[in-house]
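Visitor: The structure follows.
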Amino acid sequence: MDANDGGSKPKPGPVAPEGTAAEEAAPGGATGGTSLPGRQPTDDPMTDDPTADELVADDRAADELVTDDRAADEPVTGDPAADEPVTESVAPPESEGTESEVVAPAEFGAAGTGEAGTEGVSCPEAEAPAGLAALSLRYQIAAALALAVVAVVSCVHLGMVFLHVAPSNTVTKQHGHAIDEWIYPEFEQNWKLFAPNPLQLDITVQVRALVRAEDGTSRETGWYDLSALDGLAIDGNPVPSHTQQNELRRAWDFYIGTHDGENRPTGLRGDLSERYLRRIAVLRLDREHAGGRGAVVERVQLRSQTTNVPPPRWSDEKVSDQPVVRELPWWAVPESDRADGLTEASAP
């Protein structure tokens, strides 16, 4: 066949509009000057242009994202959890020089030693010792010895008091004198304070003497109220002596308990109680310089004046307010009672 034969020439087709070939793109986005084999062109640009389809899909996706964001911002009605604010722990920024900078542990102990992390914490090992542990070894030993002595003396005292008030036994029979020396006169035990009917009498003891002056004349002194003198010594004294409080009272009770109403001894201790009371009277007269300086006490006489303590105003008890006087006979004072060096401790 001839080369110029018309059967071999391609038939002329409709001319594509300008730019159609450029608008057709491959799936990968590349464009070519010719159309893909087997693809027929169409007049609808929305179906023939794949780029437009992708743009529409992107627009729809953007709308859905906006709708989702709005739904997330609006709480669901009726959901209690949606009404509560969501708190998130956000770590503070670590940038230097900001006000939200976390304070280092060392700043809490700025008033301490200056070492980080140890100033604001009090360690038990660093606390100062208290009590005996705060003393030096020498003072600890001294304190321990003092406590030991106090403990031993307390135990001995309790034992002596127990043996004194306990019924007669082998120990009190063998060591009764030592027990009495420990107890009397300061730690005497009696039931007068706790008796069913406590002592309600006011007893005063008085004494007068027959003295011989330096010129040889004798005269009788007036009555000295020994109980009143003890009361004056006790009044205003925060620590009165035992002799001021109990010596005269005990001597008088001792005498009354060993003599009858006619002043006759009722036992073997009658003569001892008489001598004890007489010596106390001589000592008190000498202290008061009875008869003047240089006078010698030759005889003494004692008497007591007992008065009932008046009951309180709210009580119906009736007691006599008249004093009862008991007068003892005159006693001669032997030379031994007037000897120098006689003290109240040696009066018995």
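Visitor: Considering ALA233, ALA281, ALA228, ALA209, which residue is of a type outside the set (Val, Ile, Thr), in a helix (DSSP H, G or I) and farther than 17 Å from GLN305 by Cβ?
Guide: Exactly one of ALA233, ALA281, ALA228, ALA209 is of a type outside the set (Val, Ile, Thr), in a helix (DSSP H, G or I) and farther than 17 Å from GLN305 by Cβ, namely ALA233.
Visitor: Tell me, yes or no, whether the stretch 274-281 has at least one residue that is out of contact with any Leu (no Cβ under 6 Å at 6 or more places or on another chain) and either surrounded by fewer than 14 Cβ atoms within 10 Å (Cβ to Cβ) or without any contact (Cβ under 8 Å) to a residue 40 or more places away in the chain (or both).
Guide: yes
Visitor: Ok, one more. With respect to GLU186, determine if the residue is under 46 Å from the mean Cα position of the chain (by Cα), of a type in the set (D, E, K, R) and over 22 Å from ASN308 (Cα atoms).
Guide: The answer is yes for GLU186.
Visitor: Let me spell it out: the conditions are (1) surrounded by 10 or more Cβ atoms within 10 Å (Cβ to Cβ); (2) at pLDDT below 85; (3) not polar (S, T, N, Q), and ASP340 meets all of them except one. Which number is the exception?
Guide: (1)
Visitor: Any residue at all in the stretch 144-165 that is modelled with pLDDT of 90 or more and farther than 30 Å from TYR184 by Cβ?
Guide: Checked the stretch 144-165: at least one residue is modelled with pLDDT of 90 or more and farther than 30 Å from TYR184 by Cβ.
Visitor: Of everything in the stretch 202-245, what is over 16 Å from ILE280 (Cα atoms), surrounded by fewer than 13 Cβ atoms within 10 Å (Cβ to Cβ) and touching a residue at least 40 places away in the same chain (Cβ under 8 Å)? Give them in sequence order.
Guide: GLU214, ARG219
Visitor: I'd like to know if the stretch 289-309 contains one or more residues that are assigned to a loop (DSSP other than H, G, I, E, B), more than 23 Å from ASP230 (Cβ to Cβ), aliphatic (A, V, I, L, M) and open to solvent by 60 Å² or more (accessible area, probe 1.4 Å).
Guide: The answer is no; no qualifying residue exists.
Visitor: Could you identify the single residue in ASP215, ASP253, ASP180, ASP260 that is under 45 Å from the mean Cα position of the chain (by Cα) and not small (Gly, Ala, Ser)?
Guide: ASP180
The values are calculated or read from the model by the stated rules, or taken from the named source; none is laboratory data. Small disclaimer: the values here were computed from a predicted structure and weren't measured. Using ideal geometry, Cβ is built from the backbone for each residue, glycine included, and neighbour counts are taken over all protein chains shown. Please note that ligands, DNA and RNA were not included when accessible areas were found on the heavy atoms of the full protein model with its side chains. Shrake-Rupley method; radii C 1.70, N 1.55, O 1.52, S 1.80 Å.
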